[in-house]
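Some notes on the structure that comes next.
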Number of protein chains: 2
Amino acid sequence: MSLHQLATEARHACLTLKRSDGATRNAFLRALAASLRARAADIAAANAGDLTAAAAAGLSPAMLDRLRLDGGRIEALAGDVEAVIALPDPLAGVEAERVMPNGLRLQQRRVPIGVLGVIYEARPNVTIDVAAVAIKTGNAAVLRGGKEALATNRSLVQCVHAALEQAGLPAQAIAFIDDPDRGEVLKLLQLDSLIDLIIPRGGAELHAFCRREARMPVITGGIGICHLYVDAAADLDRALPVIRNAKVQRPTVCNALDTVLVHRAVADAFLPRLAADLLPLGVSLRCDPAALARLQPLTAQHPAQISAAGPGDFDREWLSLVLGVRVVDTAEDAMQHIEAHSSGHSDGILSADAELAEAFLARIDSAAVYWNASTRFTDGGQLGLGAEVAVSTQKLHARGPMGLRELTSYKWVAIGDYHVRA
Amino acid sequence: MSLHQLATEARHACLTLKRSDGATRNAFLRALAASLRARAADIAAANAGDLTAAAAAGLSPAMLDRLRLDGGRIEALAGDVEAVIALPDPLAGVEAERVMPNGLRLQQRRVPIGVLGVIYEARPNVTIDVAAVAIKTGNAAVLRGGKEALATNRSLVQCVHAALEQAGLPAQAIAFIDDPDRGEVLKLLQLDSLIDLIIPRGGAELHAFCRREARMPVITGGIGICHLYVDAAADLDRALPVIRNAKVQRPTVCNALDTVLVHRAVADAFLPRLAADLLPLGVSLRCDPAALARLQPLTAQHPAQISAAGPGDFDREWLSLVLGVRVVDTAEDAMQHIEAHSSGHSDGILSADAELAEAFLARIDSAAVYWNASTRFTDGGQLGLGAEVAVSTQKLHARGPMGLRELTSYKWVAIGDYHVRA
């Protein structure tokens, strides 16, 4: 079936979905979890084939790990689907209501967005994650996964379609682009009469491509060049574990720390301790000259882990155990550095100076700004949203983690008594 | 100055604007109103020149009327600017706050979007409207007006810049593209690192061009193919003035009625009365065969005003005293017609049947849906938003009339006690 047909059928399925009730949509989630468990062996076998081909094609161990979907991970995926059942129905009820002076009763009611186009890479679990949150929120979706995961995704989509049918919902609501040709992505981005929103889940290149080519709204994000500023008034003992958490706990994700800025008043005291704390954990430090000078004795002992920052190093999302380090003369310099280099994802200040911290929080315009906390909290679960679909670093519609509510829109409802406008 | 420089300076001005307080932004509005009044004679003279050139170039009377900015209209414009002062500051205060089980204090605070790119046509008042609401909401803007209004706009932009300086705000915050070359619009749409949001204010062609070419989010809307369905259970006496209001009060705007659907059970009784009501007001009816049959005796008397609907007539936004008329067999047919032909702006049902009306309100997925009211209420003022910047018919970010709050975004603020993620 052509992509245009797939998207047309998904659009048509919307009409049924938006009239479905929360119980039916939860029935789909239950059926999906059951289907994943019942077909776990088939899914794992399909995934083994994808893994063999990917290994032969020379994919990196990190990529192979993302691609892997074994029995344990399938069970975890089924559990994730079940967790969505318990989340409140974002479409239920009337969100706001008022009666205007002329007696016209106004409401805002939440509605699905329509058809989501989701473009992702080698992680097949995204297929299930997206199907679960899309149906929970009354949206249809057209999915485009990475070619490395094609057999796995086909097997997962069978589970999704079976579960939709079991719940009495149209299988066409979750469409999967089975053609690995890259031209299909471009075609998808041009279907603005059928697709309401594009959600790219991948690297910076995919996001830029979608921004450039898409004719419909795109949620871009997921790129985090994240900063923590250690102020002169920071509690240095307590700053260390925060930086360690932000950098080391899960270095491959977008809310991991990329650059630490240290006020020069505490740089002598703090930087050697920071290095002593992070070097044994395998962290490499890319230092500006002032930081490098303060780490001098250590540099000779750890030449592979302490080095001068190169051009552009403060504009990189490391996604690995590398940390940029810079000494700043003032808090103003720290804020200017962040304004110049942040990707607008997550940035914070560590300080006991409440007035300065408030100025920082007011001024730094990132999706999430922190005072005395790790950047790792920028996450749907941590911020209390339940499920997370994407992390937006743009300012339209949703900012930061997008949960279920952020996958809905609203409409105005006006109830009158044959009201006319004066 | 090049467009890139203009936009870069506007982006830089954002940093000042987002740190400004509401009083400073209101001081700008006061100064702008005063400046418009002080320079009214100069503005009117510039406008007279634009009007002369436009008339010589053969612009339609309707276009010339949009272009006209005489003393009375300048005074009204100054009044509009003053009205914005009284509206609440959308950036003030903390919108939502909660403390997570781990003690992390979370807030959502509203922030400006950044730099708006606004593309409009021959109406010079848009220059002032946009400057007023942009600064009120802490946003910078790059304006691109129609070439017919160039001299008028230059004169208005002088007022804006003088008022910004008087309020101690950077004049660069409101940039105006002074080059009438059409290529500048395309360049603007590609500046996604400098412009956060494009707001086109013009016809369908401009909206489609922006959707296709823009690399940043675009608020599209303003195109209303609006419907009212007269149900079998409608109060026909009271339905007439609602349809008259929706069609005739201001036929050139997007929330004006385009098509009336009439249940066949009341078509014999209602259609002749509708025609008798609207024909003397100059309305032309484009009828489907069933409606035409019911208007037969009248058709011969008013051959110029009653005619058969041509192909595509039910997919047109009339913006004039033309009304599509169709008889439907059932309410289901009416809803299917609306789903197929509505632009998602404003659609309504007239009926005493509460169950049917609720089904209609739940199902019809337009920005505004009405039960027993005119479609003309889809307007920022009528829906209680104060100012209106645009009417969105897309589902992302804002839907229906966009007021001041819809020109802002939010950020997450997290305040901890050296919190780390577990």
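Scanning segment B:146-200 for residues that are assigned to a loop (DSSP other than H, G, I, E, B) and free of Cβ contacts under 8 Å to residues at least 12 places away in the same chain gives B:Asp181, B:Arg182, B:Ser193. A:Gly114 falls short on exactly one of the conditions (1) away from chain B (no Cβ under 14 Å); (2) touching a Lys or Arg at 6+ places or on another chain (Cβ under 8 Å), and that condition is (1).
Consider segment B:371-405 and keep the residues that are more than 22 Å from B:Leu143 (Cβ to Cβ) and in a strand (DSSP E or B). The one that is modelled with the lowest pLDDT is B:Gly400. A residue that is under 30 Å from B:Pro90 (Cα atoms), at pLDDT 95 or above and among the polar types (S, T, N, Q) occurs nowhere in segment B:329-337.
Across segment B:117-139, which residue is nearest to the chain's Cα centre (by Cα) among those that are under 18 Å from B:Arg19 (Cβ atoms) and away from chain A (no Cβ under 13 Å)? Write out each step before concluding.
Residues of segment B:117-139 that are under 18 Å from B:Arg19 (Cβ atoms), as a first pass: B:134-139.
Of the ones still in play, those that are also away from chain A (no Cβ under 13 Å) are B:134-136.
Values: B:Ala134: 15, B:Ile135: 19, B:Lys136: 18 Å.
By that ranking, first place goes to B:Ala134.
State whether one or more residues within segment B:209-224 are over 30 Å from B:Phe176 (Cβ atoms) and part of a loop (DSSP other than H, G, I, E, B). Scanning segment B:209-224, I find no residue that is over 30 Å from B:Phe176 (Cβ atoms) and part of a loop (DSSP other than H, G, I, E, B), so the answer is no. Filtered by the rule that a residue be more than 7 Å from chain B (Cβ to nearest Cβ), in contact (Cβ under 8 Å) with a residue 40 or more places away in the chain and closer than 30 Å to A:Gly380 by Cβ, segment A:405-422 gives A:Arg405, A:Leu407, A:Thr408. Scanning segment B:284-300 for residues that are exposed (fewer than 11 other Cβ atoms within 10 Å of the Cβ) and farther than 15 Å from B:Ala267 by Cα gives a single hit, B:Ala300.
For the structure I just gave you, tell me whether A:Arg273 is within 26 Å of A:Glu332 (Cβ to Cβ), without any contact (Cβ under 8 Å) to a residue 60 or more places away in the chain and assigned by TED's automatic domain parsing to the domain that holds A:Asp333. I'd like the intermediate steps shown before the answer.
Numbers: within 26 Å of A:Glu332 (Cβ to Cβ): yes; without any contact (Cβ under 8 Å) to a residue 60 or more places away in the chain: yes; assigned by TED's automatic domain parsing to the domain that holds A:Asp333: yes.
Spelling it out, A:Arg273 is indeed within 26 Å of A:Glu332 (Cβ to Cβ), without any contact (Cβ under 8 Å) to a residue 60 or more places away in the chain and assigned by TED's automatic domain parsing to the domain that holds A:Asp333.
Matching residues to (1) part of a strand (DSSP E or B); (2) touching a strand residue (DSSP E or B) at 6+ places or on another chain (Cβ under 8 Å); (3) not small (Gly, Ala, Ser):
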{"site": "B:Leu298", "(1), (2), (3)": "no, yes, yes"}
{"site": "B:Gly310", "(1), (2), (3)": "no, yes, no"}
{"site": "B:Trp318", "(1), (2), (3)": "no, yes, yes"}
{"site": "B:Leu323", "(1), (2), (3)": "yes, yes, yes"}
{"site": "B:Ala340", "(1), (2), (3)": "no, no, no"}
{"site": "B:Ile349", "(1), (2), (3)": "yes, yes, yes"}
{"site": "B:Phe360", "(1), (2), (3)": "no, yes, yes"}
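Is one or more of the residues making up segment B:143-159 closer than 30 Å to B:Ala38 by Cα and within 14 Å of chain A (Cβ to nearest Cβ)?
Filtering segment B:143-159 for residues closer than 30 Å to B:Ala38 by Cα gives B:143-159.
Checking the rest, the ones that are also within 14 Å of chain A (Cβ to nearest Cβ) come to none.
For segment B:143-159, residues closer than 30 Å to B:Ala38 by Cα and within 14 Å of chain A (Cβ to nearest Cβ): absent.
With the condition kept exactly as written, say whether any residue in segment B:243-259 is small (Gly, Ala, Ser), assigned to a loop (DSSP other than H, G, I, E, B), exposed (fewer than 14 other Cβ atoms within 10 Å of the Cβ) and touching a Leu at 6+ places or on another chain (Cβ under 8 Å). No, because not a single residue in segment B:243-259 is small (Gly, Ala, Ser), assigned to a loop (DSSP other than H, G, I, E, B), exposed (fewer than 14 other Cβ atoms within 10 Å of the Cβ) and touching a Leu at 6+ places or on another chain (Cβ under 8 Å).
Checked against the criteria, B:Arg250 counts as more than 24 Å from A:Gly138 (Cβ to Cβ), under 27 Å from the mean Cα position of the chain (by Cα) and not aliphatic (A, V, I, L, M). Looking only at segment A:77-98, decide whether some residue is surrounded by fewer than 17 Cβ atoms within 10 Å (Cβ to Cβ) and basic (Lys, Arg). Checked segment A:77-98: at least one residue is surrounded by fewer than 17 Cβ atoms within 10 Å (Cβ to Cβ) and basic (Lys, Arg). Collect the residues in segment A:99-113 that are surrounded by 18 or more Cβ atoms within 10 Å (Cβ to Cβ) and within 14 Å of B:Asn372 (Cα to Cα), keeping them in residue-number order. Answer for segment A:99-113, where residues must be surrounded by 18 or more Cβ atoms within 10 Å (Cβ to Cβ) and within 14 Å of B:Asn372 (Cα to Cα): A:Leu104, A:Leu106. Across segment B:51-73, a minimum of one residue is classified as in a loop (DSSP other than H, G, I, E, B), buried (at least 21 other Cβ atoms within 10 Å of the Cβ) and either acidic (Asp, Glu) or touching a residue at least 40 places away in the same chain (Cβ under 8 Å) (or both). Of all residues in segment B:174-205, those being over 24 Å from B:Thr408 (Cα atoms), under 16 Å from the mean Cα position of the chain (by Cα) and away from every other protein chain (no Cβ under 14 Å) number 2.
Quick check on A:Arg109: is it out of contact with any strand residue (DSSP E or B) (no Cβ under 7 Å at 6 or more places or on another chain), in the same structural domain as A:Gly403 (by TED's automatic domain parsing) and not in a helix (DSSP H, G or I)?
Working: out of contact with any strand residue (DSSP E or B) (no Cβ under 7 Å at 6 or more places or on another chain): no; in the same structural domain as A:Gly403 (by TED's automatic domain parsing): yes; not in a helix (DSSP H, G or I): yes.
Criteria not met by A:Arg109.
Modelled with pLDDT of 95 or more and not in a loop (DSSP other than H, G, I, E, B): is that true of A:Asp42 in this structure? When the stated conditions are applied, A:Asp42 passes them.
Quick one: count up the residues across segment A:83-94 that are within 20 Å of the chain's Cα centre (by Cα) and either part of a helix (DSSP H, G or I) or of a type in the set (S, T, N, Q) (or both). Looking only at that region, the number is 2.
Determine, yes or no, whether A:Ala27 is at pLDDT 95 or above and within 18 Å of A:Asn139 (Cα to Cα). Yes, satisfied. The single condition from (1) at pLDDT 95 or above; (2) over 29 Å from A:Met216 (Cβ atoms) that A:Leu3 fails is (2). Within segment B:336-359, does at least one residue satisfy the condition of being under 19 Å from the mean Cα position of the chain (by Cα), among the β-branched types (Val, Ile, Thr) and more than 8 Å from chain A (Cβ to nearest Cβ)? The answer is no; no qualifying residue exists.
Regarding B:Val118, is this residue of a type outside the set (Phe, Trp, Tyr), at pLDDT 95 or above and assigned by TED's automatic domain parsing to the domain that holds B:Leu32?
Details: of a type outside the set (Phe, Trp, Tyr): yes; at pLDDT 95 or above: yes; assigned by TED's automatic domain parsing to the domain that holds B:Leu32: yes.
For B:Val118, the condition - of a type outside the set (Phe, Trp, Tyr), at pLDDT 95 or above and assigned by TED's automatic domain parsing to the domain that holds B:Leu32 - is met.
When we screen A:Ala232, A:Ala239 for residues that are more than 17 Å from B:Arg215 (Cβ to Cβ) and either at the interface with chain B (Cβ under 8 Å from one of its Cβ atoms) or among the hydroxyl-bearing types (Ser, Thr, Tyr) (or both), the only hit is A:Ala239. Scanning segment B:372-398 for residues that are crowded, with 21+ Cβ neighbours inside 10 Å, touching a helix residue (DSSP H, G or I) at 6+ places or on another chain (Cβ under 9 Å) and free of Cβ contacts under 8 Å to residues at least 40 places away in the same chain gives B:Gln382, B:Leu383.
The values are calculated or read from the model by the stated rules, or taken from the named source; none is laboratory data. Note that the structure is a prediction, hence the values are computed from the model and not measured. Note: ideal-geometry Cβ built from the backbone for every residue, glycine included; neighbour counts use all protein chains shown.
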